[in-house]
1. Pull up the range 1-55, narrow it to residues that are acidic (Asp, Glu) and out of contact with any Lys or Arg (no Cβ under 8 Å at 6 or more places or on another chain), then point me to the one that is modelled with the lowest pLDDT.
2. Return the total of residues in the range 59-73 being within 18 Å of Glu17 (Cα to Cα) and surrounded by 15 or more Cβ atoms within 10 Å (Cβ to Cβ).
3. Out of Arg24, Arg13, which single residue is open to solvent by 60 Å² or more (accessible area, probe 1.4 Å), at negative phi and over 17 Å from the mean Cα position of the chain (by Cα)?
4. Which of (1) within 30 Å of Arg130 (Cβ to Cβ); (2) touching a Phe, Trp or Tyr at 6+ places or on another chain (Cβ under 8 Å); (3) open to solvent by 40 Å² or more (accessible area, probe 1.4 Å) does Thr44 not meet, given it meets every other one?
5. Name the pairs whose Cβ atoms lie under 7 Å apart, with the first residue in the range 61-81 and without any contact (Cβ under 8 Å) to a residue 60 or more places away in the chain and under 27 Å from Gly35 (Cβ atoms), the second part of a helix (DSSP H, G or I) and basic (Lys, Arg), and 6 or more positions between them or separate chains?
6. Under 8 Å between Cβ atoms, at least 6 apart or on separate chains: pull out the pairs that start in the range 8-36 with a residue that is in contact (Cβ under 8 Å) with a residue 24 or more places away in the chain and acidic (Asp, Glu) and end on any residue that is in a helix (DSSP H, G or I) and open to solvent by less than 20 Å² (accessible area, probe 1.4 Å).
7. Among the residues of the range 128-173, how many are surrounded by fewer than 21 Cβ atoms within 10 Å (Cβ to Cβ) and polar (S, T, N, Q)?
8. List every residue pair whose Cβ atoms sit under 8 Å apart, with the two residues 6 or more apart in sequence or on different chains, where the first one lies in the range 123-152 and is modelled with pLDDT of 90 or more and the second, anywhere, is open to solvent by 50 Å² or more (accessible area, probe 1.4 Å) and of a type in the set (A, V, I, L, M).
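The values are calculated or read from the model by the stated rules, or taken from the named source; none is laboratory data. Predicted, not measured: the structure shown is a model, and the values here were computed from it. Cβ sites come from the backbone with ideal geometry, for glycine too, and all protein chains shown count toward neighbours. Surface accessibility is based on the protein's heavy atoms, side chains included, excluding ligands, DNA and RNA. Shrake-Rupley method; radii C 1.70, N 1.55, O 1.52, S 1.80 Å.
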Amino acid sequence: MSKREPSKAELDREFSELYRTHLRDVYSYAYYRVGNHHDAEDLTEQTFLQAYRHYARARAEANGRPLRPWLIRIAHNLAANLHRDRSRRPQTALDEASPLPSPLDTETLAAERAEVREVLACVVELPQDRRDALVMRFALGMDNREIARALGRSEGATKVLLHRAIRQLERALAERRGETGEPAEGRDANSRDAREGRAEVRAHRDA
């Protein structure tokens, strides 16, 4: 006996619940990705409009898996398109953006604003794929499997991506603070790693 297809009314109710559950996640990702409220709101709206059009198929293909990675992947692709379309117009840097609005509950960030701004100043220097992975992991609390689905990568490749992103961020922060965390005999290697990290960022920008 074949499984009954859900009615449009049932799909609409499910999608409304999906919207309420993940609106914050999609907006948060969009904000961290584009760096300003206006574009983040537009990107969030476009994400859910596109998701609504394809919800029935995505629901069937997910086979019971959470749909948050699918939503973030839509936002990820739309943000990439926006960046390409506006590549000639400078965007607001994350560390210069105004605080997130109250629905996102940013009191904790405000309490540690100086440190957060320092971290964000280093995050924006990372290659985009590493930056995205860090936002998904630490801002949205996504696990490796969810991030892999959102980025269209294998879980193993995602673990490597996150590991390298964290290492590069740690090096950038240490350099910014004038710290190495290494004994004297290890500092040359650490400096070499930092130079390689900066070269990788430049190569990514020039690609």
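1. At the first step, the residues of the range 1-55 found to be acidic (Asp, Glu) are 5, 10, 12, 14, 17, 25, 39, 41-42, 45.
Next, only the ones that are out of contact with any Lys or Arg (no Cβ under 8 Å at 6 or more places or on another chain) stay: 5, 10, 12, 17, 39, 41-42, 45.
Details: Glu5: 83, Glu10: 93, Asp12: 94, Glu17: 96, Asp39: 90, Glu41: 93, Asp42: 94, Glu45: 95.
Result: Glu5.
2. 8
3. Arg13
4. (3)
5. Ala79/Arg33
6. Pairs that qualify, where the first residue is in contact (Cβ under 8 Å) with a residue 24 or more places away in the chain and acidic (Asp, Glu) and the partner is in a helix (DSSP H, G or I) and open to solvent by less than 20 Å² (accessible area, probe 1.4 Å), are Glu14/Tyr55; Asp25/Leu71; Asp25/Ile72.
7. The number of residues fulfilling the criteria is 3.
8. Pairs that qualify, where the first residue is modelled with pLDDT of 90 or more and the partner is open to solvent by 50 Å² or more (accessible area, probe 1.4 Å) and of a type in the set (A, V, I, L, M), are Leu134/Ile166.
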